[in-house]
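One structure below.
The values are calculated or read from the model by the stated rules, or taken from the named source; none is laboratory data. Remember, predicted model here, so these are calculated numbers, not experimental data. Positions of Cβ are backbone-derived with ideal geometry, glycine not excepted, and every protein chain shown enters the neighbour counts.
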Amino acid sequence: MLYDVTIDGQNYSLELNRAEGRWSCRLDGRELQVDAVLARPDVLSLRIGNMAYEIKSERVANELHLWVGSTRFAAEVRDPRSLRGRTRAGDDQGPKKIVAPMPGKVVRLLVSEGHEVESGAGVAVVEAMKMQNEIKSPKKGMVQKILVSEGTAVNAGDVLAIVE
């Protein structure tokens, strides 16, 4: 199985195959000796060469975070064979709505109208159940309209801003 993996903005190509109860792993074409055991839900015990790691996964809104010890990494895993993982030509065309993924309160706006943003740049921070979640731009462009203000209560699916 081939995956495109992004860890803290760095892209990797990961190939995993399982044969005779063992995993073979190639990271960016380089062979790695890996043993992996699912210790409990969302916790993976991983041995790479002579080093052992406990990796905890956490999903916040639509984001995946991996914890290795006390260090947190933003992660994204894409299966190039998946229809959901494919982007079509023209997907970045036209305005895109940035929506609240969960109900909460807008605690901070990170940009203003007319501000240029990169794809994945923070636009707003929404607090839900005492956790703050940065809502990111789906594309590179200019913030055409901001539809909320700090302190605004929002529901899941409410439009926060529009990027064109």
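Odds and ends about this structure:
- All positions within the stretch 40-58 that are part of a strand (DSSP E or B), within 17 Å of residue 75 (Cβ to Cβ) and not small (Gly, Ala, Ser): 43, 44, 46, 48, 53, 54, 55, 56, 58
- Applying the criterion of at least 1 residues that are over 19 Å from the mean Cα position of the chain (by Cα) and outside the structural domain of residue 64 (by TED's automatic domain parsing) to the strands (runs of 3 or more DSSP E) found wholly in the stretch 109-164 leaves 141-146, 159-163.
- Search result, residues across the stretch 17-39 that are out of contact with any strand residue (DSSP E or B) (no Cβ under 9 Å at 6 or more places or on another chain) and either surrounded by 10 or more Cβ atoms within 10 Å (Cβ to Cβ) or closer than 21 Å to residue 76 by Cα (or both): 30
- Within the span defined as the stretch 50-62, one or more residues are surrounded by 10 or more Cβ atoms within 10 Å (Cβ to Cβ), modelled with pLDDT of 85 or more and of a type in the set (Val, Ile, Thr).
- Screening residue 32 with (1) modelled with pLDDT under 90; (2) touching a Gly at 6+ places or on another chain (Cβ under 8 Å); (3) under 30 Å from residue 138 (Cα atoms) gives one miss only, at (3).
- When 96, 105, 139 are checked against the criterion of being surrounded by fewer than 17 Cβ atoms within 10 Å (Cβ to Cβ) and not hydroxyl-bearing (Ser, Thr, Tyr), 105 stands alone in meeting it.
- One residue alone among 164, 127, 113, 150 is among the acidic types (Asp, Glu) and in contact with a Leu (Cβ under 9 Å, 6 or more places away or on another chain), and that residue is 150.
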